[in-house]
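What follows is calculated from the coordinates using simple rules that are stated; it is not laboratory data. Quick caveat: nothing in here was measured; it's all calculated off a predicted structure.
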Amino acid sequence: MADNKLMVWIDQDLCTGDGICQEIAPNVFEGRDDGLWVVREDASHFGTTIVFDGNAAPDGSRGVARVPDAELADVVEAAEECPGECIMIEPLDPEAIANRGA
Ligand code: SF4
């Protein structure tokens, strides 16, 4: 299991759909069919891939992905470059992670 101290989510209401985040961190960000972007946990870090697309797993503020320490610099860069300012990085909250599937 990957070490992780932070989590990330996207406010899809503010996403412009340019895809810059995925260009920078393709293991953490993924385009959805409706042209908005969502977060993901990749199997290379977590053993199983989960895409927080509002179908297989919740999106928005409940679709929080754990950020592997190895991806942290790229995730921070993506948040800095995001024109919608909608990539939210927060300290890992075990309760929020546990509630993702509820
Ligand atoms: S960089 Fe920001 S605005 Fe652009 S697709 Fe990603 S989340 Fe959306």
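Using the alpha carbon gyration tensor of the chain, what are the three equivalent-ellipsoid semi-axes (square root of 5 times each eigenvalue), largest first, in whole Å?
Details: eigenvalues 66, 47, 32 Å².
Output for the chain: semi-axes of 18, 15, 13 Å.
Report the gain in length on full extension from residue 5 to residue 98: 0.36 nm times residue separation, minus Cα-Cα distance, nm rounded to one decimal. If you can, show how the numbers build up before the last one.
Details: separation 93, 0.36 × 93 = 33.48 nm, distance 1.50 nm.
Residue separation times 0.36 nm, minus the Cα-Cα distance, leaves 32.0 nm.
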